[in-house]
1. Tell me, which residue of region 194-245 that is modelled with pLDDT of 85 or more and outside any helix (DSSP H, G or I) is surrounded by the most Cβ atoms within 10 Å (Cβ to Cβ)?
2. Can you tell me which residue within region 307-362, out of those that are assigned to a loop (DSSP other than H, G, I, E, B) and under 32 Å from the mean Cα position of the chain (by Cα), is farthest from LEU286 (Cα to Cα)?
3. Somewhere in region 114-132, is a residue over 18 Å from LEU21 (Cα atoms) and modelled with pLDDT under 80?
4. What residue, of VAL340, VAL346, is crowded, with 19+ Cβ neighbours inside 10 Å and of a type outside the set (D, E, K, R)?
5. Condition first: aliphatic (A, V, I, L, M), part of a helix (DSSP H, G or I) and buried (at least 16 other Cβ atoms within 10 Å of the Cβ). Can you find one or more residues in region 250-262 that meet it?
Amino acid sequence: MTATRAPRASMFDRPAGTLALAGVNGLLWGLVVSILIGAGLALVTGLALRPQLGTFALAGLAGAAVHAGLRADALGWRSPQSLAPLAAILLVSLVLSGLQPFNLGIGEAPLAWLASLLITVLALHWVILASQHPIRFGRMNRFRREQALMLSLRAFGFVFFGVIVVLPLYVLVMTSLKTQQALLANPLDLWPDFDQGLMTPLRSYIELFRDFDFGRYMWNSALISVATVVITLLFAVPGSYAVSRLSFPGRLTMSRSILMIYLVPAIVLVIPLYAIFAKLGLRDNLWGLLVVYPATTLPVALYMLQGYFRGVPRELEEAGLMDGCSRLRVIWSITLPLSVPALASVSLYVFMIAWNEFLFAFMFLDDPKMFTLSRGVVSLDSSEVPRQHLMAGAVVSTVPIVIIFLWAERFMVQGLTSGGVKG
């Protein structure tokens, strides 16, 4: 009999390879965490905090190596084994930086010095525990290596995308709450100032509605968005039902070519539409947008609804027809009540498209009384308008759609998943 050859050991199965794997993980996280904490604290405190990247990279390497070498199965914060990497990170950060890990002496700003050091050390320690607990000194295998890699990538994904989403929103909101004098004095200090009263940070929002007519802009956007949803559903419901239920020549071709309109960039359509609308008198009024917006949202609504309608049991509709109901009665009494999640998700999606649309509104609208919210925000992008007013306008245009989305998210998820599975 031929002897079975034992699996070849990887370099990471050996103690030196295990420490190398852990060290690289800790080194990279030391760089990422120190940069993020330094940038975040600089925006909060207004101080120019510059992390010593080499110091924190070596601190992360030391903490990760200590963690891997302990063979710690218990990863709680109170475990003595889990506190050893924390001590290693703190010691290396202080010693190699000369007690100035963010190029800030303890005597200059004691509270900022302590906060920056502790937050960075604790965050780096937590990331190391969360990302490399499969790494064990001398006990590595293929499963543990892959698990450690996936945990590190997942943690990096959370951090990276979280910063991309949270940091711009933070800068947006905090800048809108500042005064012009405070921004000129220290652009990094984004914390609102309440010394002159609780209403001082809201001055930009008050002036926005008082002096720049943002109330009218919000009304125009709401009116256009709701009307777009109604018009889109009036055409999308019978159209998608016909494609998914009825048999007629060209049905498959129509079903497959619904989204072809999205192959044509909007910038290509806007110039000829501008010329046509100018001759028809549809430019510089909301009626022109009510023609363009449903035309752009109708294909995606047809595509989403036809997938859901295919999942509605035919037997229910056939039973209604046998009972003497007309086709329209069947759609109104049977199909639509069963399709409420899909209708809600399509309505929300169409509303968001119409609310956030900018290109056509920018090209077709010149009269400030007809501006939508996105067009009104762009009008604030001027050297004569303070920057905090532009940020306040962006917040005003973002908050309503975020609230609506969070309220109707369950309908959107349910409608999209139902249509995708049953279609």
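1. PHE212
2. Here the answer is SER339.
3. no
4. Of the residues listed, the single one that is crowded, with 19+ Cβ neighbours inside 10 Å and of a type outside the set (D, E, K, R) is VAL346.
5. Taking every residue of region 250-262 in turn, at least one turns out to be aliphatic (A, V, I, L, M), part of a helix (DSSP H, G or I) and buried (at least 16 other Cβ atoms within 10 Å of the Cβ).
The values are calculated or read from the model by the stated rules, or taken from the named source; none is laboratory data. All values derive from a computational prediction rather than experimental measurement. Cβ atoms come from the backbone with ideal geometry, glycine included; neighbour counts cover every protein chain shown.
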